[in-house]
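Heads up: the structure comes next, in structure tokens.
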Amino acid sequence: MRTIAKSSRLDQVCYDIRGPVLEEARRLEESGARILKLNIGNPAPFGFHAPDDIVRDMIENLREADGYSDSRGLHSARRAVVEYYQGRGVEGIGLSSVYLGNGVSEFISIVMHALLEPSDEVLIPAPDYPLWTASAALAGGKPVHYICDEGADWNPDLADMEKKISPNTKAIVLINPNNPTGALYDTQVLLGIAELARRHGLIVFADEIYDRVLFDGNVHRPFAALAPDIPVISMGGISKASFGAGYRAAWMLISGDCSGISSYLEGIDMLCNMRLCANVPGQYAIQASLGTQECIEEATRPGGRLTVQRDLCHSLLNAIPGVSCVKPKGALYCFPRFDAARFSIVDDKEFIRDFLREKKVLLVQGTGFNWPRPDHARIVFLPDRDSLADALNRLASFLSARESATAQKGT
Ligand code: PLP
């Protein structure tokens, strides 16, 4: 039989959130093991469900949703997106500034494919949500990572970012609040990034899908409101804040002075036209999502379920000798650091695989988020308190045994 291989364009692509360690977890499950899964930020399986208003809007409109919509999306939903951003200080936008899509995931792919030539570079955070790096590579461009500084609450390191700007740099990606670190960026840092973009003529992609998933009274400011003069493509959706990940509904907003990027915007428009439209039932969820904040506010208030779980995860991690974790201000994840020498971690994929095999808990290794050293992992704090405590106790016992084994080898 003739051998047919995957495209070599995939050689540079890494998406370990659903990679080989997950495959191993599937095999273990098939052989009867029960795996505690703290690997994917999907709220529904953990009992966080989309509010009734959203479901009702979709059901009531289902009969109207059997045809394609305008490729930019339904008028009413786009109007709701415009009003949402206007209410948060973004100026100079209208209906034609908004596209609706099948998740932010789709937009990440579209904006990269419309932009990149082989020598073009995009600045992407390390650690990142790895679809950004994967899409830049798949689109034929070069992802270049700037470091986020764990010692500064995981804010982007502006000096590192500036150092990595070259004549080939086209854009900067921001993920704020951040997956996997849970950071909410300081306004001064955001203004610094705006200044770099302004000085070097760069587009900013602001992935703000967690903009409403915030703890401790923290407030998120859209990057587009802080940088009204530069071309910004903001992205948001209902997957996280409205617990509606399966509805695949998201938006993209184009703002700022776009006089220099009209050809690029034509490219985006072309790709949006080529996929015809976003799934229409999902578009009917958007207006209600933007109008209904109760479910996420309830979960993230002091004493709310997500806050309690974040606190538990954070404190149990910091109680393990050799582990430290910056407290997440938003999103659904802790990104703890492990003392690699103490636990003899050389390859973090192996480390996470060993933990899975031994303790039946599934995490994602830090290098899966393009973090350059094998000393972090991402833990999703969506599971209930008992499951989280169980998983983190298993982690503590796994690490303690690993430390003893390391110490013995050293003697
Ligand atoms: N951006 C970030 C930072 C994410 O964490 C995720 C999903 O986890 C996405 C984008 C994809 O979101 P969507 O469900 O809208 O495709």
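The values are calculated or read from the model by the stated rules, or taken from the named source; none is laboratory data. These numbers were taken from a predicted model, which means no experiment stands behind them. Reconstructed Cβ throughout: ideal geometry from the backbone, glycine too, with neighbour counts over all protein chains shown. For the accessible areas, the whole protein counts, side chains as well, though only heavy atoms, and no ligand, DNA or RNA atoms are used. Shrake-Rupley method; radii C 1.70, N 1.55, O 1.52, S 1.80 Å.
Observations, loosely collected:
- Ligands, DNA and RNA left out, the 1.4 Å accessible surface of region 231-359 is 54% carbon and sulfur atoms.
- Cα-based radius of gyration of region 247-365 once divided by 2.2 N^0.38 Å, which approximates compact folds: 1.59
- Surface/4 of the Cα convex hull for region 308-405, nm²: 5.7
- Over all other residues within a Cβ to Cβ distance under 14 Å of VAL204, the charged ones net out to -1, with Lys and Arg as +1 and Asp and Glu as -1.
- Pair ASP11, GLU403: separation of 7 Å Cα→Cβ label points (nm): 4.3
- Computed over neighbours whose Cβ is under 12 Å from that of THR169, the net charge equals +2, Lys and Arg +1, Asp and Glu -1.
- Among the protein heavy atoms, those of HIS220 account for about 10 Å² of accessible surface (1.4 Å probe, every chain in place).
- Stretch in the chain that is longest and holds no trypsin sites (Lys or Arg not before Pro) that DSSP places in a loop and that have at most 12 other beta carbons within 10 Å: 35-411
- For region 130-136, backbone phi angles converted through the Karplus equation (6.51, -1.76, 1.60; θ = phi - 60°) give residue-by-residue couplings of x, 4, 4, 5, 4, 5, 4 Hz, Gly and Pro being listed as x.
- DSSP finds beta bridges in region 148-277, and of those with both partners inside it, around 45 percent are antiparallel.
- Alpha carbon Rg of the chain, scaled by the compact-globule rule 2.2 N^0.38 Å: 0.99
- Potential extension, VAL308-GLU266 segment - 0.36 nm per residue separation minus Cα distance: 10.5 nm
- Taking a point 7 Å from the Cα of ARG18 along the Cα-to-Cβ direction, the residues of region 231-255 with backbone N closer than 19 Å to it are 237-241, 243-251.
- Beta bridges assigned by DSSP with both partners in the chain are antiparallel in approximately 50 percent of cases.
- In this structure, the residue pairs whose Cα-Cα separation is over 27 Å, taken from LYS349/LYS409; LYS327/LYS349; LYS360/LYS409; LYS37/LYS163; LYS163/LYS240; LYS6/LYS142, are LYS37/LYS163; LYS163/LYS240.
- Relative to the longest principal axis of the Cα atoms of the chain, the long axis of helix 103-115 makes an angle of roughly 70 degrees.
- Taken per residue, the accessible surface of region 32-163 reaches 42 Å², heavy atoms only and a 1.4 Å probe.
- Rounded tilt (10° steps) of 52-61 against the dominant C-alpha axis of the chain: 50
- Surface composition of region 75-151: carbon plus sulfur atoms hold 48% of the accessible area, using a 1.4 angstrom probe and ignoring ligands, DNA and RNA.
- Remark: region 174-186, residue by residue, has Karplus-estimated 3J(HN,Hα) of 10, 10, 8, x, 9, 10, x, 8, x, 5, 10, 6, 5 Hz, where x stands for each Gly or Pro and the curve is 6.51 cos²θ - 1.76 cosθ + 1.60 at θ = phi - 60°.
- Simple rule: put +1 on each Lys or Arg Cβ and -1 on each Asp or Glu Cβ in region 164-298, find the dipole, and look at MET270, VAL280, TYR185; the Cα lying farthest toward the positive end is MET270.
- Using the alpha-carbon positions of region 29-76, Rg (one decimal) and Dmax (whole number) come out as 17.7, 50 Å.
- Under-5 Å amide H pairs with TYR146, H placed in peptide plane, nonlocal only: ILE124, ALA126
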